[in-house]
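Notes follow once the structure below has been shown.
Each value in this text was obtained by applying a stated rule to the coordinates, not by laboratory testing. Here the structure is a predicted model, which is why all the values come from computation and not from measurement. Don't worry about glycine lacking a Cβ; one is built from the backbone with ideal geometry, like all the others, and counts go over all protein chains shown.
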């Protein structure tokens, strides 16, 4: 499945960004939706991919 998705992304690019949640505990991000797209882009050796970043509720900036 990931190989097929990777081939599709290579041909058409990534049509829908992944959804990530900012993780203030480790100053990183957790994938909420799009893990398969993330893995497919890793196979393509992309350094960056489009993502929509959500802030955790109840956490002040």
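Some notes on this structure:
- Residue tally, condition loosely packed, with under 13 Cβ neighbours inside 10 Å and either out of contact with any helix residue (DSSP H, G or I) (no Cβ under 9 Å at 6 or more places or on another chain) or touching a residue at least 40 places away in the same chain (Cβ under 8 Å) (or both), over the range 3-20: 4
- Under the condition of being surrounded by 10 or more Cβ atoms within 10 Å (Cβ to Cβ) and without any contact (Cβ under 8 Å) to a residue 12 or more places away in the chain, the residues counted in the range 29-45 number 2.
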